[in-house]
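Please read the structure below before turning to the comments.
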Amino acid sequence: MLESCAAEPISTPTADAGGGETWIHDVRRVIRGAGDDLFRPSPGRYWIDFLVSLVAAYVASGVYLTAPLGSWAQVAAFPIAVFWLYRMGSLVHEVCHLGEHEMPLFKAAWNVLGGVMILMPSPFFTRHHRDHHSQRYYGTPQDPEYAANMVRGGDVASVAAFAGKIAAMPILVFLRFLLVPLTFISPGVREWTLRRASAFTFNRRYERRLTAADRRAILAAEIPCFFRALLIPLLVLLGLNHWSRIPLLYALAVATVALNHMRFLADHHCEGDGSKSDLESHITDSCNFTANDPLTLLFFPFSIRYHALHHLFPSMPYHNLRRAHERLVAALPADSPYLALERPGWWSVARRAILGPPAPAG
């Protein structure tokens, strides 16, 4: 079945020996002292999160798509469907971080029941996600997920372009799968497609580095996604769906993509200049959110809101991040730089990304 990126596991970067990273060694010492439990995924938790999200997303989407146009039922179902679709789609990140031989049935189920249906199969996300965690690429133009590549805070044109890319992404993804047969016109076209159009990222300069397993995984995902994309216009042309189904699906997709990329704006401070950073700069550029304000709960549906901690321990399952964070808070000294990674809420970081740094006082 569809393959996840875990065929090549993401490893935690190794800290340099410099004294400036002593606190990182302290963090790792505390976590190592907890034993292996923090790194052991709970299959039941994954399945429950997935199935609850899937059922809620598809039921709400069904009401939204079949209710009379403009009806209260349709209006009420829309935000519910968007939230649960976003929540279900966010699990692709957790699929990525599972080990090669961990929970193969779950990976297959997520792709068949979720990834293909929403045209976001894991091989189009997970394989390149490891570059975002790589100490070699983090924060550079080769990082596919660093917000500095997407928007410059306070620059109206940049923010407008960011919004335009959100609006365009569902169309580009749809065409990517609908036009799969055309990618085989020539070896050159196929190679360009695999390297430049098979990673769902805003960084247009990003180019995938492909293994033989990557190529097989992409092909295995393309075939069912082609038929899924084809059915959307085909059912309208056959008169089985009303023409309004297409703009309704587009609205769902845009809103879901918007949630995801608004979250991107607060995963990191994005204060890098595009050059390679050391590990300490990498981690201190990342954020932890422990507050339960509405925006944080909306944009971070899982414990991945402990994002700095996640970058320190990429293989730690999402459902254990909160427990690990609480252990660190209890064990580390009050002046540990780790504790300074916490931010009061999503807007406290996203505001700077969108509006730019505040004007100096006076």
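The values are calculated or read from the model by the stated rules, or taken from the named source; none is laboratory data. Just so it is clear, the structure is predicted and the values come from calculations on it, not from any experiment. Neighbour counts are summed over all protein chains in view; Cβ atoms, including those assigned to glycine, are modelled from backbone coordinates with ideal geometry.
From the list VAL55, VAL59, pick out the single residue that is exposed (fewer than 14 other Cβ atoms within 10 Å of the Cβ) and either among the aliphatic types (A, V, I, L, M) or within 25 Å of the chain's Cα centre (by Cα) (or both). Write out each step before concluding.
Values: VAL59 fails: exposed (fewer than 14 other Cβ atoms within 10 Å of the Cβ).
Checking each option against the conditions leaves just VAL55.
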For a quick check of your reading of the model, give me the residue pairs whose first member lies in region 281-292 and is touching a residue at least 60 places away in the same chain (Cβ under 8 Å), whose second is assigned to a strand (DSSP E or B) and crowded, with 17+ Cβ neighbours inside 10 Å, with beta-carbon atoms closer than 8 Å and at least 6 apart or on different chains. ASP285/HIS268; CYS287/HIS268; CYS287/ARG343
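Of all residues in region 220-238, which are out of contact with any Pro (no Cβ under 9 Å at 6 or more places or on another chain) and either surrounded by 15 or more Cβ atoms within 10 Å (Cβ to Cβ) or at positive phi (or both)? It would help to see each step written out before you state the result.
Let us first name the residues in region 220-238 that are out of contact with any Pro (no Cβ under 9 Å at 6 or more places or on another chain), namely 223, 227-238.
ARG228, ALA229, ILE232, PRO233, VAL236, listed by residue number.
Looking at ALA168, ALA160, which is the one that is aliphatic (A, V, I, L, M) and either in a loop (DSSP other than H, G, I, E, B) or under 24 Å from GLY89 (Cβ atoms) (or both)? Outline the logic, then answer.
On the way: ALA160 fails: either in a loop (DSSP other than H, G, I, E, B) or under 24 Å from GLY89 (Cβ atoms) (or both).
Exactly one of ALA168, ALA160 is aliphatic (A, V, I, L, M) and either in a loop (DSSP other than H, G, I, E, B) or under 24 Å from GLY89 (Cβ atoms) (or both), namely ALA168.
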Hey, MET120 hits all of (1) at pLDDT 95 or above; (2) hydrophobic (A, V, I, L, M, F, W, C); (3) surrounded by 15 or more Cβ atoms within 10 Å (Cβ to Cβ) but one; which does it fall short on? (1)
Of the conditions (1) among the basic types (Lys, Arg); (2) surrounded by 15 or more Cβ atoms within 10 Å (Cβ to Cβ); (3) part of a helix (DSSP H, G or I), ARG208 fails just one. Which one is it? (3)
Filter region 176-188 for residues that are part of a helix (DSSP H, G or I) and surrounded by fewer than 13 Cβ atoms within 10 Å (Cβ to Cβ) and give the result. PRO181, LEU182, PHE184, PRO187, GLY188
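Out of all the residues in region 326-340, is one or more touching a Lys or Arg at 6+ places or on another chain (Cβ under 8 Å), among the hydrophobic types (A, V, I, L, M, F, W, C) and either at positive phi or at pLDDT 85 or above (or both)?
Just the residues of region 326-340 that are touching a Lys or Arg at 6+ places or on another chain (Cβ under 8 Å), to begin with: none.
No - not one qualifying residue is present in region 326-340.
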Entirely in region 258-317, the helices (runs of 4 or more DSSP H) that have 1 or more residues that are under 19 Å from THR140 (Cβ atoms) and out of contact with any His (no Cβ under 6 Å at 6 or more places or on another chain): 279-284, 307-312
Residue pairs qualifying under the 6 Å Cβ cut-off, at least six apart or on distinct chains, with the first in region 73-86 being free of Cβ contacts under 8 Å to residues at least 12 places away in the same chain and the second being surrounded by 21 or more Cβ atoms within 10 Å (Cβ to Cβ), are GLN74/TYR64
Can you work out which of the residues in region 78-129 that are among the small types (Gly, Ala, Ser) and more than 14 Å from the chain's Cα centre (by Cα) is nearest to ALA217 (Cα to Cα)? ALA108
Region 189-205 - residue that is outside any helix (DSSP H, G or I) and free of Cβ contacts under 8 Å to residues at least 24 places away in the same chain and, of those, nearest to ARG263 (Cα to Cα): ARG204
Can you find, within region 125-151, the residue that is modelled with the lowest pLDDT among those that are under 10 Å from PHE202 (Cα atoms) and outside any loop (DSSP other than H, G, I, E, B)? ASN149
Assess whether ALA266 counts as being among the aliphatic types (A, V, I, L, M) and in contact with a strand residue (DSSP E or B) (Cβ under 8 Å, 6 or more places away or on another chain). yes
If the requirement is being closer than 26 Å to PRO317 by Cα, modelled with pLDDT of 95 or more and in contact with a Phe, Trp or Tyr (Cβ under 7 Å, 6 or more places away or on another chain), which of these qualifies: ALA56, ALA60, ALA77? ALA56
Any residue at all in region 20-32 that's farther than 20 Å from MET120 by Cα and small (Gly, Ala, Ser)? yes
